Every structure is written in C-alpha cells, then in structure tokens.
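The values are calculated or read from the model by the stated rules, or taken from the named source; none is laboratory data. Everything quoted here is computed from the prediction, not taken from an experiment. In this analysis, Cβ positions are derived from the backbone assuming ideal geometry, glycine residues included, and neighbour counts consider all displayed protein chains.
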Amino acid sequence: MKPVVIVTGASRGIGRGIAFELAPTHQVIATYRGRRDAAESLRAETGADIVQSDVSSPADRAALIAHCKEKYGRLDLLVNNAGITQRVRADIVDATEESFDELIGVNLKGPHFLTQLAARMMLEQRSGRVVFITSISSYAASINRAEYCMSKAALSMSAALWASRLAPEGIPVFEVRPGVIRTDMIATVEKLYEERIADGLVPQRRMGEPSDVAKAVRAIADGYLDYAAGQVLNVDGGFHLRRL
C-alpha cells in the first residue's frame with residue numbers, strides 16, 4: 001500500500017498543489033471545509049480520498065484521524081496546510097476580536113491539536129513525518145493583517161515545539177514558510193504584489209506558485225530531509241534575505 005498522507009485545506013491553492021504532487025506516490029486524504037466542488041474535482045483528477053473537515057473543530061479533527069486509522073491503518077505524513085486570512089483587511093487599531101478568534105482557531109489551534117492527534121498515532125506506529133505550512137507573515141509585520149501575522153508566528157513556534165518533542169522518537173517535523181504565492185487568498189491584491197515583486201520585493205523577481213511549495217513538501221515526503229528535524233524551508237524566492 002502507498003504511504004498515507006493527510007493534506008488539510010487541499011481543495012484549492014497550496015494544498016491542492018501539494019495533493020497533486022504527492023498523489024502519484026501516496027494515498028492522499030484531502031480535507032476541505034466548504035468547496036465540495038473543488039474537492040470533487042481534485043478526487044476526479046488524482047484519486048484523493050476527500051473528507052469534509054473544519055480544522056478548528058475538535059470533533060472534525062478527531063473524526064479525520066479516526067477515518068485515517070480505520071480505513072488505512074496508518075499515517076505516514078501530516079501536512080498542516082489549511083488556513084484562512086481575515087475577512088476584512090483592517091488597520092490594527094480597528095481590527096476586531098471576532099476576526100482574531102477566527103484566525104487563531106483555524107490557523108493555530110486547529111493544526112496544533114490536529115498534530116497532537118496525529119503524533120499519538122505516529123508514536124504508536126513508531127514512524128511518520130509532519131509538515132507545518134506557515135508564511136513569511138510569521139515574521140514580516142503587516143499592520144492591516146495583524147491577526148493573520150500573529151497566528152502564523154505562533155504556528156511557527158508550534159512547529160518548533162513538535163519538532164523538539166518528536167525528533168527523539170524518529171518523527172521529524174518541518175516548517176515550510178511560503179512567500180507570496182499565487183492563490184485565491186491574494187487574488188484581491190495580486191496586481192499590487194506583482195508590481196512590488198517587479199520592483200525588487202522578491203530577489204528572484206517572480207511570484208511563487210503552489211507547485212513551488214509542493215516541491216519542498218515532496219523532498220520531505222521522500223525522506224531527503226530526515227536528518228534536518230525542525231528545519232524551516234523558506235519557499236519565498238529569497239524574500240527572507242536581508243539586503244543592503
């Protein structure tokens with residue numbers, strides 16, 4: 001049987017790119033929250049096992065892991081990709097607690113506690129790998145996206161904590177930190193980003209694609225980074241470089 005991977009938020013964007021990359025070699029369990037049409041098309045094109053799941057829901061997280069265990073008997077890779085941006089880009093002076101709570105629930109609490117469930121399963125089978133998809137927003141401050149930045153910064157620490165806990169057990173954990181990637185999430189500001197990238201925001205002078213992130217996950221899935229537990233992979237076209 002193929003190795004089993006859960007990719008959360010796989011119906012669109014980066015998650016979909018990861019699901020497509022891994023489908024030839026892995027049994028992909030692809031979660032989606034609302035876009036069943038996109039999930040169905042993913043299943044038709046890749047054979048993925050699609051599961052409706054809201055990562056912020058404790059019941060949904062438990063049901064997802066139970067489904068994996070009952071249907072496949074093991075979990076070889078968890079890719080914590082599901083995430084949302086705020087519904088309204090508001091100055092930090094005006095941002096609401098409701099938006100803060102929503103983003104913390106989906107972007108931080110969900111993957112942190114899904115990893116807890118997956119880790120228990122991996123510890124039982126004495127193998128596995130975990131990937132957290134975070135963002136350059138974990139360290140790059142955007143004052144009109146404060147709650148998003150804070151959720152991703154905390155998620156980076158969650159990745160480091162899980163890497164520290166699971167490395168001695170032979171279960172490497174990694175953080176993949178995408179830069180500006182062409183997805184639905186940036187659709188409303190894509191033109192602005194393209195202009196800024198052309199002006200030098202990104203040293204490699206192009207916007208990233210979901211396939212760029214997927215290739216980093218492929219290297220992890222294939223075991224090429226197994227002696228690099230806790231490593232942060234910046235898939236950002238060089239954005240993270242400090243330049244004068």
Could you tell me which numbered condition I14 fails, if it satisfies all but one of (1) surrounded by fewer than 20 Cβ atoms within 10 Å (Cβ to Cβ); (2) modelled with pLDDT of 95 or more?
(1)
Go through the range 216-244 and give me each residue that's crowded, with 16+ Cβ neighbours inside 10 Å, in a helix (DSSP H, G or I) and out of contact with any helix residue (DSSP H, G or I) (no Cβ under 7 Å at 6 or more places or on another chain).
A216, I220
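Do you know which of the residues in the range 116-167 that are assigned to a loop (DSSP other than H, G, I, E, B) and hydrophobic (A, V, I, L, M, F, W, C) is farthest from A216 (Cα to Cα)?
That would be I143.
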Would you be able to say whether some residue in the range 178-190 is in a helix (DSSP H, G or I), touching a Phe, Trp or Tyr at 6+ places or on another chain (Cβ under 6 Å), buried (at least 21 other Cβ atoms within 10 Å of the Cβ) and in contact (Cβ under 8 Å) with a residue 60 or more places away in the chain?
no
Suppose we keep only residues that are in a loop (DSSP other than H, G, I, E, B) and among the aliphatic types (A, V, I, L, M) within the range 74-115. Which one would you say is nearest to the chain's Cα centre (by Cα)?
A82
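Taking the conditions exactly as written (farther than 22 Å from G128 by Cα, buried (at least 19 other Cβ atoms within 10 Å of the Cβ) and of a type outside the set (G, A, S)), does L42 satisfy them or not?
yes
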